[in-house]
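These notes are about the structure you will find just below.
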């Protein structure tokens, strides 16, 4: 909708270094994500895409560097302050990570209940609304996560991520494990919600279809840093072996042709 | 951020105007005040939302409820906001189904389900036993298929690594039992009988049952959880897909290892408990170690040791079988995992105590002087 007047970048990383034992994963990663952008993080397996996402969520801490969300540091500050920051984004985990002891409705209501902002009646309305947003029926609210198909799990997880009206949405492999039909439908849903709610989105993906359909910018992670950070068209022009293999390989070419032909 | 609630009411013209951000984050600090003021507005107020910069579904739901779930008579909203209110209204008018209430009929049905599921448990348990027997028959014909490595690994896990905790518990129980008995016995001048009491009680009863309770909590729960997680992560399906028998690879090694390890653990724990009792008797009654050890074989027939070891083997077999039975029943979700692990430990301990009673009756004329 309206970009906020105070133009802090939503995410700002400077010189992020990550080490697992002797293994140096990131060595000086700089990344800036502005409000309203959809940034796709791509990179080979083990290039630390998901680790970078986990830094942003606050599940792990970089060994060095600076990491700011909405202009405020995520790395220093009181735990309470960091929790408040964490309420401002929603996360869609790769496997959905729904609480298997709760029903679908309770899963979506959970963040609202924990935040203690809404009355029970309001929570019911909001859960019905979120379910409608992700194109599910109210009757689905009584199902348990174990009874859902893969596509429905992702939709419910998306509804739960949206429960606290986040400004930033973090997606880890949003279309992994979905068949092509469902994957296309889910991508369309994310794009629609992103536009309607004015969300900033960061997604980690391997799937060129998803990337081409959603991303306004592509950040390529390789050699422990960001190799290129530009729109998809400009990324394709970058001359680097990994980018070549990723986008101009057999599969990449076909997917890009399909997407560009389709639009 | 303690700005006043973004709501103004012009009493003379009867116009309520919302301003600023109507988002969850912006409203949260002033929510209590805002709710009170929304509730105090007259129902026929006119509304204008022209000053609202951002509106999210939480803000819209709050307003929609304040309006009594219908449009106010006169309202000024943008098209974008109108669309959002349309969604909120649609969601509010198709409410979530409510889970059916629990009635007497449900209670009766629950009782029936419990009985049926007990039957299902028995049938499953029998099936597991039968499968194990069939597997044993197969292994006797093909001796090279014995999962010796797994059995040895399990022996280490359930036997060797359980030694410190069983030793500690056994020693302390021995000390306490000896101390309490000594107090009573000294009153009668029957100090000597401490050896009989400790010998019979620990070797025949306390040792096997104590170890069983510890092992059910320590190894039984671990077995159930391990099999359960393998179900959750589809590892057990992968095993079956390779044509490898789940019972031979997963269940049999655990059952065999625990059946072998338990008598040894019983021996070890009983020994430690007797040692604790000896230390306590020495401090309390001045009975020397030498006297205690000399008297023990004379007053406790060797049959008691055999009974204790036999109990250990049987209890170990039961604990492992129960643990595997519940582990294989885990459905792929966390709730089922925790329920089955609890059920495994509780059932194993209950079963051990029941079977102990059967042992007591069956061996009532053996080994008692």
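The figures follow:
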{"item": "Length gained when the stretch residue B:249-residue B:33 is fully extended (0.36 nm per residue, less Cα-Cα span)", "result": "71.3 nm"}
{"item": "Inter-label distance for residue B:296 and residue B:187, nm, one decimal - labels placed 7 Å from Cα along Cα-to-Cβ", "result": "2.8"}
{"item": "10 Å Cβ neighbours from other chains, averaged over peptide A:120-128", "result": "6"}
{"item": "Neighbour-count order for B:219, A:183, fewest beta carbons within 10 angstrom listed first", "result": "A:183, B:219"}
{"item": "Computed E for residue A:17/residue A:119 - FRET, C-beta separation, R0 41 angstrom, nearest 0.05", "result": "0.35"}
{"item": "Spin-label zone in segment A:22-39 - amide nitrogen under 12 Å from a point set 7 Å from the Cα of residue A:64 along the C-beta vector", "result": "A:27-29"}
{"item": "Orientation-averaged projected area, Cα convex hull of segment B:83-152 (nm²)", "result": "11.7"}
{"item": "Nearest 10 degrees, 0 to 90: helix B:104-141 Cα axis against chain B principal axis", "result": "50"}
{"item": "Cβ-derived FRET efficiency at R0 51 Å, residue A:79 paired with residue B:11, nearest 0.05", "result": "0.70"}
{"item": "Values of log10 I(q)/I(0), in the order q = 0.08, 0.12 Å⁻¹, for the protein assembly as shown under a Debye, Cα-only, solvent-free model", "result": "-0.82, -1.19"}
{"item": "Viscosity 1.002 mPa s, 20 °C: Kirkwood-radius Stokes-Einstein D of segment B:187-231 over Cα pairs, µm²/s", "result": "164"}
{"item": "Pairs of Cα atoms farther than 22 Å apart, segment B:147-362, %", "result": "54"}
{"item": "Theoretical ellipticity at 222 nm over chain A - DSSP helices of four or more residues, -39500 (n - 2.57) apiece, nearest 500", "result": "-12000 deg cm²/dmol"}
{"item": "Chain B: relative contact order in percent, alpha carbon pairs under 8 Å with at least 6 residues between", "result": "17"}
{"item": "Nearest-0.05 FRET efficiency for residue B:19 and residue B:152, computed from C-beta distance (R0 45 Å)", "result": "0.05"}
{"item": "Cα gyration tensor of segment B:7-93 - equivalent ellipsoid semi-axes, whole Å, descending", "result": "17, 16, 13"}
{"item": "Distance (nanometres) between label positions extended 7 Å along Cα→Cβ at residue B:240 and residue B:141", "result": "2.3"}
{"item": "Principal axis dimensions, segment A:94-165 - Cα atoms, whole angstrom, descending", "result": "31, 20, 19"}
{"item": "Residues A:140, A:55, A:244, B:46, sorted so that the one with the fewest Cβ neighbours within 10 Å comes first", "result": "A:244, B:46, A:140, A:55"}
{"item": "Number of partner chain Cβ atoms within 10 Å, mean per residue of B:53-61", "result": "6"}
{"item": "Relative contact order (%) - criterion: Cα under 8 Å, at least six apart; region: segment B:147-362", "result": "36"}
{"item": "Computed [θ] at 222 nm, helices only, for chain B once each DSSP H run of length n ≥ 4 contributes -39500 (n - 2.57)", "result": "-22500 deg cm²/dmol"}
{"item": "For segment B:323-337 versus segment B:58-106, the gap between their alpha-carbon centres in whole angstrom", "result": "41"}
{"item": "Convex hull projection area averaged over all views, chain B, Cα basis, nm²", "result": "33.2"}
{"item": "Chain A: relative contact order as a whole-number percent, Cα under 8 Å and 6+ apart", "result": "25"}
{"item": "Residues A:50, A:175 arranged by fewest to most Cβ contacts within 10 Å", "result": "A:50, A:175"}
{"item": "Additional length obtainable on full extension of the chain from residue B:358 to residue B:342, 0.36 nm per residue less Cα span", "result": "3.3 nm"}
{"item": "Ellipsoid semi-axes in whole angstrom, largest first, where each is sqrt(5λ) of the Cα gyration tensor of segment B:260-369", "result": "37, 17, 11"}
{"item": "Antiparallel %, DSSP beta bridges [both residues in chain B], to 5", "result": "30"}
{"item": "Residue B:46 paired with residue A:146, simple spin-label distance in nm, labels 7 Å along Cα-to-beta-carbon", "result": "5.9"}
{"item": "Cα gyration tensor shape of segment A:11-87, rounded if a/c is under 1.5, else prolate or oblate by comparing a/b with b/c", "result": "oblate"}
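Every number in this text was worked out from the coordinates using simple rules, so none of it is lab data. This is a predicted model, so every value here is computed, not measured. Cβ coordinates were reconstructed from backbone atoms using ideal geometry, including for glycine residues, and neighbour counts include every protein chain displayed.
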